Amino acid sequence: MSDSITLYSFVNRDRSCRPRWLLHELGQPFTEQRINPETGEHKGDAYRQINPYGFIPGLQINGQSMGESGAICLYLADRYGYGSLAPKADDPLRAQYLQWAMFGSCTLDEAFLPIVQPGRSPQQELIDDRVKMFTTISTCLEQGPYILGSEFSAADILIAHPLICAASNNLLDGHDDIQQYLGRLAERPAAKEAGLFG
Ligand SMILES: N[C@@H](CCC(=O)N[C@@H](CS)C(=O)NCC(=O)O)C(=O)O
């Protein structure tokens, strides 16, 4: 019997796009339940059973719940894509994989998502400081089409979402290599199905 998976989201382009894209990459069937931010549904007791912090996304799998988009993606990749979308524990790429996954879901997320929120007008000094982070990504992309080199992994998904948010605020202007990277990712059928590009 296949696993029963429900993804909780507000809209396509919130942080739920990370596990949604990954589930499509994994070919794993799932249902999606939209949560209404206008009514504060995500802060209610019912949704806190899914994600105790009251944040989107949330995931329920065979009755077990979890939150945190980075943790959800690492869990799903290990469970359904171990050795393909997640390098195995004894693979020399495993350490880099975890490093980039955390860099995307924690460091890049924290650096960019708050400053690109509608209505924010961050100081140029802050933007200049944050875009320095792109240098590490550019250096890595010299080795291959994906962040780990030749193979796509769940780490690409976790890096891509904050980069897409940065790009939509023109913060990737002049970073052609990273824009091309996002262009390659956008061509993936699973990314199209997840509806986060464009
Ligand atoms: N670190 C968390 C952040 C979750 C988060 O802030 N989600 C936003 C939607 S993208 C949210 O729930 N916002 C509603 C709120 O802050 O009350 C994760 O990656 O899952």
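Need pairs with beta-carbon distance below 7 Å; first residue surrounded by 11 or more Cβ atoms within 10 Å (Cβ to Cβ) and within region 35-46, second part of a helix (DSSP H, G or I); sequence gap 6+ or separate chains.
Sorted first by the residue in region 35-46, then by its partner, the pairs are Ile35/Glu41; Ile35/His42; Ile35/Tyr47; Glu41/Tyr47.
Looking for something within 12 Å of the ligand (Cβ to nearest atom) and outside any strand (DSSP E or B) - is there at least one such residue anywhere in region 29-36?
Pass one, region 29-36, residues within 12 Å of the ligand (Cβ to nearest atom): 35-36.
Within this subset, residues satisfying the condition of being outside any strand (DSSP E or B) are 35-36.
Yes, region 29-36 contains a residue that is within 12 Å of the ligand (Cβ to nearest atom) and outside any strand (DSSP E or B).
Out of the residues in region 18-60 that are over 18 Å from the mean Cα position of the chain (by Cα) and among the hydrophobic types (A, V, I, L, M, F, W, C), which is farthest from Pro189 (Cα to Cα)?
So the residue we want is Ala46.
Would you check which residues across region 104-131 are within 16 Å of the ligand (Cβ to nearest atom) and among the hydroxyl-bearing types (Ser, Thr, Tyr) and list them? Outline the logic, then answer.
Within region 104-131, the first condition is being within 16 Å of the ligand (Cβ to nearest atom), and the residues that meet it are 104-120.
Result: Ser105, Thr107.
Do we have Gly83 as modelled with pLDDT of 95 or more and either within 16 Å of Ala194 (Cα to Cα) or within 9 Å of the ligand (Cβ to nearest atom) (or both) here?
The answer is no for Gly83.
Just give me the residues in region 15-34 being closer than 15 Å to Gly81 by Cβ, of a type outside the set (Lys, Arg) and surrounded by 14 or more Cβ atoms within 10 Å (Cβ to Cβ), in sequence order.
Pro19, Trp21, Leu22, Leu23, His24, Glu25, Leu26, Gln28, Phe30
Of the residues Ala71, Ala46, Ala101, Ala77, which single one is among the aliphatic types (A, V, I, L, M), part of a helix (DSSP H, G or I) and near the ligand (Cβ under 10 Å from one of its atoms)? Walk me through it before giving the result.
Values: Ala46 fails: near the ligand (Cβ under 10 Å from one of its atoms); Ala101 fails: near the ligand (Cβ under 10 Å from one of its atoms); Ala77 fails: near the ligand (Cβ under 10 Å from one of its atoms).
None of the other options fit; the residue is Ala71.
Being over 28 Å from Phe30 (Cβ atoms) and either surrounded by 12 or more Cβ atoms within 10 Å (Cβ to Cβ) or out of contact with any Ser or Thr (no Cβ under 9 Å at 6 or more places or on another chain) (or both) narrows it down to one of Arg130, Arg94, so name that one. Explain how you work it out, then say what you get.
Values: Arg94 fails: over 28 Å from Phe30 (Cβ atoms).
Going through Arg130, Arg94 in turn, just one is over 28 Å from Phe30 (Cβ atoms) and either surrounded by 12 or more Cβ atoms within 10 Å (Cβ to Cβ) or out of contact with any Ser or Thr (no Cβ under 9 Å at 6 or more places or on another chain) (or both): Arg130.
Do you know which residues across region 116-145 are over 13 Å from Leu171 (Cβ atoms), of a type outside the set (S, T, N, Q) and part of a helix (DSSP H, G or I)?
Answer for region 116-145, where residues must be over 13 Å from Leu171 (Cβ atoms), of a type outside the set (S, T, N, Q) and part of a helix (DSSP H, G or I): Glu125, Cys140, Leu141.
Among the candidates Asp176, Asp156, Asp109, which residue alone is outside the structural domain of Leu74 (by TED's automatic domain parsing) and touching a strand residue (DSSP E or B) at 6+ places or on another chain (Cβ under 7 Å)?
Working: Asp176 fails: touching a strand residue (DSSP E or B) at 6+ places or on another chain (Cβ under 7 Å); Asp109 fails: touching a strand residue (DSSP E or B) at 6+ places or on another chain (Cβ under 7 Å).
Answer to the check: Asp156.
Among the numbered criteria (1) outside any loop (DSSP other than H, G, I, E, B); (2) within 16 Å of the ligand (Cβ to nearest atom); (3) surrounded by 18 or more Cβ atoms within 10 Å (Cβ to Cβ), which single criterion is violated by Ile56?
(1)
Looking for whichever is in the same structural domain as Pro29 (by TED's automatic domain parsing), under 15 Å from Arg18 (Cβ atoms) and small (Gly, Ala, Ser) here; the options are Gly70, Gly63. Which one fits? Walk me through how you get there before you give the answer.
Details: Gly63 fails: under 15 Å from Arg18 (Cβ atoms).
Testing whether each residue is in the same structural domain as Pro29 (by TED's automatic domain parsing), under 15 Å from Arg18 (Cβ atoms) and small (Gly, Ala, Ser) leaves just Gly70.
What number of residues within region 175-198 are farther than 13 Å from Phe134 by Cβ and in a loop (DSSP other than H, G, I, E, B)?
The qualifying residues number 6.
Just one of (1) near the ligand (Cβ under 9 Å from one of its atoms); (2) free of Cβ contacts under 8 Å to residues at least 12 places away in the same chain; (3) within 27 Å of Gln99 (Cα to Cα) trips up Arg15, so point out which.
Unmet for Arg15, out of (1) near the ligand (Cβ under 9 Å from one of its atoms); (2) free of Cβ contacts under 8 Å to residues at least 12 places away in the same chain; (3) within 27 Å of Gln99 (Cα to Cα): (2).
The values are calculated or read from the model by the stated rules, or taken from the named source; none is laboratory data. A quick note: this is a predicted structure, and the numbers were derived from the prediction, not measured. Glycine also receives a Cβ, built like all others from the backbone with ideal geometry; neighbour counts cover every protein chain displayed.
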